[in-house]
Each structure stands twice: as C-alpha cells, then as structure tokens.
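The values are calculated or read from the model by the stated rules, or taken from the named source; none is laboratory data. Note that the coordinates shown come from a computational prediction; the quantities given were computed from them, not determined experimentally. Using ideal geometry, Cβ is built from the backbone for each residue, glycine included, and neighbour counts are taken over all protein chains shown.
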C-alpha cells in the first residue's frame, strides 16, 4: 500500500513511522564485531528532530532509537500551517532548502509584476503543503542524518554509505485507525520520552 494511503487525517492525526538501515549498517549503538561505538549519533537525531518540528507543522510525540533503525510517532497538525503568513512559510522553507529568484526579488523589496506575484503565491502554497506532510519531514530527517553519517564514516576509513543503505525512505507501520497508545506500545526497547527530552 502506498504511504499516502496510510494517512487519513479524518480518522487520526497520529502516525507511527520507521526508517531502517540494511546491510548491517549501524545508525547508533555499538558494533559488536568492530567494537566501534556510534552512540553519539543519537544526539544527532534528537537535535534534528527538535529542529524539524520547529519548521514543520508536524509534532514528534514519541520516538525510539535502535542500533539500525528509528521509530517515530508523529502528530500531523494540518491547521497550523494554514495560519502561517507568506513570510513565515518562506522563512521556514529556506531554513530547509534553497529559495528561488522570485523569493529573492520579493524579499529585496522590488515591485513584482502581477505574473510574478501569482507565481510566488503558487510557489509558497506548494511549500506550505510540504511543510505539513510526513513525507517531507521524513525526507529532511533521513537526508540530514545520512549525510552526516557518511562524513563520519569517512573519518573511520569505512566504505559504508548510509544514504544508499536506508531500507527505502521510510515505512508507515500503522493504518488509518491506529491510535497513539497502540503505536507507542510497538516502539520496543530503549524508548525515549519524546521531544520534551530534547529540550532539557
């Protein structure tokens, strides 16, 4: 079933997602064969989660980090993004990705033409939508962690490439009627108490 078919906000706003490494790649924890510890990467993921929840309209209710994968329980707040102004959407998006020439012209105070205003409005609408969906949240999380892990691996003279070793981008583990309590029960061991722990 495609990921988007798992999301039905009319039924529930809480979703459980998992991203997993393959080919014995370690995301965190300690490799028992090499005794190499990757525990410090847990903080990377916690920091990135805290950062992304400040940009997106999605909240992280709970998460767990295991040696080769992580689990998230996300709350999709579809109404929050609707209240953002055009400037707020632009600022949030540009902290994640590159902007555009239209945005540069708008922010420089130039007087745009009607066609440019219409194009800018369409572009910001697209960004607003992306900032409120799980797909883009997970994409920004995985890409950031993978790039940093790849740089880290190069310092240890290993050939693993985490970007290529995530088992697909991510996988939804709950259906449309799955409630938060049931999702949390599936998180397994080493469960962390959610985003408040990142803010301490």
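Quick notes on this one:
- The number of residues in segment 1-13 being in a helix (DSSP H, G or I) and either out of contact with any strand residue (DSSP E or B) (no Cβ under 8 Å at 6 or more places or on another chain) or at pLDDT 80 or above (or both) comes to 2.
- Residue that is assigned to a loop (DSSP other than H, G, I, E, B), at pLDDT 85 or above and surrounded by 13 or more Cβ atoms within 10 Å (Cβ to Cβ), where the choices are 141, 96, 120: 96
- Among the residues of segment 99-116, those that are assigned to a helix (DSSP H, G or I) and exposed (fewer than 13 other Cβ atoms within 10 Å of the Cβ) comprise 101, 104, 114, 115.
- Of all the numbered requirements in (1) under 26 Å from residue 15 (Cβ atoms); (2) at pLDDT below 85, residue 152 misses one, and that requirement is (1).
Yes or no, residue by residue, for (1) assigned to a loop (DSSP other than H, G, I, E, B); (2) at pLDDT 90 or above; (3) within 30 Å of residue 26 (Cα to Cα):
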| site | (1), (2), (3) |
| --- | --- |
| 92 | no, yes, no |
| 126 | no, yes, no |
| 147 | no, no, yes |
| 177 | yes, no, no |
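- Test: residue in segment 72-80 that is under 25 Å from residue 97 (Cα atoms), part of a helix (DSSP H, G or I) and modelled with pLDDT of 85 or more: no
- Residue that is modelled with the lowest pLDDT [pool: residues in segment 14-58 that are part of a loop (DSSP other than H, G, I, E, B) and buried (at least 17 other Cβ atoms within 10 Å of the Cβ)]: 25
- Residue in segment 75-90 that is over 20 Å from residue 129 (Cβ atoms), in contact with a helix residue (DSSP H, G or I) (Cβ under 7 Å, 6 or more places away or on another chain) and in contact (Cβ under 8 Å) with a residue 24 or more places away in the chain present: no
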